[in-house]
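The values are calculated or read from the model by the stated rules, or taken from the named source; none is laboratory data. Note that this is a predicted model, so its numbers are computed, not measured. Counting neighbours? That spans all protein chains shown, and the Cβs are built from the backbone with ideal geometry, glycine included.
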Amino acid sequence: MNTPRYRADDLVRFATNLLDKTGLDPDKSRVVAEILVEGDLLGHTTHGLQLLAPYLNDLEKGGMTKSGSPKVIADFPAAVTWDGMRLPGVWLTAKAIDLALERAKKMGTCTVTIRRSHHIACLAAYLKKVTDQGMMVMLISSGPEVGGVVPHGGRGTGTHTPNPIAAAWPTKGDPVMIDVSMSITTHGLTGRLNKENRKLPGQWVLDGYGNPSDDPAVIFNEPKGGLLPIGGLDHGHKGYALGLLVEALTQGLSGHGRADPVEGWAANVYVQVFDPALFGGNDDFTRQTEHIANACRNTLPRPGFDRVRLPGESGLRRREKQLKEGVELYPSILPSLQTWSEKLGVPAPKSLA
């Protein structure tokens, strides 16, 4: 049996209408919807439309601010800090990237940090817009309201979040796109697999006693366990260290975060955009990035691999295919939105024949 597919535009329209009906500013609704669908287009199914139902719930209950603008905390030519005022993190991040793009074209680089943002969804979904303009971007986030990742050598529920680092830059062909959490797995995947009574592909979590496990239930059972940092039991000190770097960039620089009272589902964000034209020049930039990209592609594959791929390559091919043939949603996503569809009077999109 074929998995139903949906036109990307229909999914964006559906999500936009649901967000509009909850009272979110229309300009914000469209941006949030587009980024969520972009996550699914790239194959990040735990951080695409799966997030729409909990976003709608937070909008209805007041956990996400429906209108307004961020408060400017600091504004220097190449360094900006916003208080996100718990506005939609997706919209705030897209707005921050737009500002950083504009200023980087004048100054070579611009950094925007955001405190008190709502969740920002899939980081990879923001990247192509920057590389399409021949520029480089770093996008980093943390969730100051929860822990979850156990520091290397420790046990328990964890001290910080998976803290993803995303980055992208142009080559002479497709861009290189990175979106990597500083933990082996994410809250989104462990939550999904726990609901489905399924195991993780490896021993990616610790139970409450510090024993490695492939059972996501140990995150939720008492005593609660946590996620292992990238590198696992042997080399987790590396993921642990990078996770702390993310904390400094997102919470330290913005001046607000884990040391402050919890306000709800949140994110702190670090955005930095670079214009290669104002460094060594565009031609030399892509000459270098294309050289290493080709060196990777031309590396002989080891057994089990047909060829060596660049980071983001599979996602871009998936995106291209799904734009043509329809988006293959994870089976639980549309059912999770059925109640909202009925409650708000927004018909669900029809699958392609």
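Figures for the structure shown
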quantity: Unmet requirement for residue 78, which otherwise passes all of (1) in contact (Cβ under 8 Å) with a residue 24 or more places away in the chain; (2) surrounded by fewer than 18 Cβ atoms within 10 Å (Cβ to Cβ); (3) more than 12 Å from residue 272 (Cα to Cα); calculated: (3)
quantity: Hits in region 1-24 - residues which are among the small types (Gly, Ala, Ser) and within 21 Å of the chain's Cα centre (by Cα); calculated: 8, 15
quantity: Test set (1) farther than 20 Å from residue 133 by Cα; (2) free of Cβ contacts under 8 Å to residues at least 24 places away in the same chain - residue 350 fails condition number; calculated: (2)
quantity: Among the residues listed as 320, 263, 328, 313, the single one being without any contact (Cβ under 8 Å) to a residue 60 or more places away in the chain and of a type in the set (Asp, Glu); calculated: 320
quantity: Residue match in region 151-171 (condition: in contact with a strand residue (DSSP E or B) (Cβ under 7 Å, 6 or more places away or on another chain), among the small types (Gly, Ala, Ser), part of a loop (DSSP other than H, G, I, E, B) and surrounded by fewer than 22 Cβ atoms within 10 Å (Cβ to Cβ)); calculated: yes
quantity: Test for residue 308: is it closer than 30 Å to residue 50 by Cα, hydrophobic (A, V, I, L, M, F, W, C) and modelled with pLDDT of 95 or more; calculated: no
quantity: Unique match (being more than 17 Å from the chain's Cα centre (by Cα), farther than 20 Å from residue 48 by Cβ, touching a residue at least 24 places away in the same chain (Cβ under 8 Å) and crowded, with 20+ Cβ neighbours inside 10 Å) among 96, 100; calculated: 100
quantity: Region 168-193: number of residues that are of a type in the set (Lys, Arg) and touching a helix residue (DSSP H, G or I) at 6+ places or on another chain (Cβ under 6 Å); calculated: 1
quantity: Selection from region 279-313 of residues that are under 16 Å from residue 171 (Cα atoms) and among the polar types (S, T, N, Q); calculated: 282, 286, 288, 289, 294, 298
quantity: Qualifying position, being crowded, with 22+ Cβ neighbours inside 10 Å, hydroxyl-bearing (Ser, Thr, Tyr) and over 18 Å from residue 180 (Cα atoms), among 117, 67, 141; calculated: 117
quantity: Pair list, Cβ < 6 Å and 6+ apart or interchain, from region 229-249 residues that are closer than 15 Å to residue 186 by Cα to residues that are at pLDDT 95 or above and of a type in the set (Ser, Thr, Tyr); calculated: 229/183; 229/240
quantity: Test result for residue 73, among the hydrophobic types (A, V, I, L, M, F, W, C) and surrounded by fewer than 20 Cβ atoms within 10 Å (Cβ to Cβ); calculated: yes
quantity: Matching residues in region 313-332 - criterion: being farther than 19 Å from residue 189 by Cβ and either in a loop (DSSP other than H, G, I, E, B) or of a type in the set (Phe, Trp, Tyr) (or both); calculated: 326
quantity: Extreme residue, surrounded by the most Cβ atoms within 10 Å (Cβ to Cβ), among residues of region 209-264 that are of a type in the set (Phe, Trp, Tyr) and farther than 23 Å from residue 58 by Cβ; calculated: 240
quantity: Failed item in (1) in a loop (DSSP other than H, G, I, E, B); (2) more than 23 Å from the chain's Cα centre (by Cα), with residue 200 passing the rest; calculated: (2)
quantity: Any hit, region 267-286, residues being free of Cβ contacts under 8 Å to residues at least 60 places away in the same chain and surrounded by 13 or more Cβ atoms within 10 Å (Cβ to Cβ); calculated: no
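Quick grid of which residues meet (1) out of contact with any helix residue (DSSP H, G or I) (no Cβ under 8 Å at 6 or more places or on another chain); (2) within 23 Å of residue 86 (Cβ to Cβ); (3) among the charged types (D, E, K, R); (4) surrounded by fewer than 18 Cβ atoms within 10 Å (Cβ to Cβ):
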| site | (1), (2), (3), (4) |
| --- | --- |
| 2 | yes, no, no, yes |
| 11 | no, no, no, no |
| 22 | no, yes, no, no |
| 33 | no, yes, no, no |
| 39 | no, yes, no, no |
| 44 | no, no, no, no |
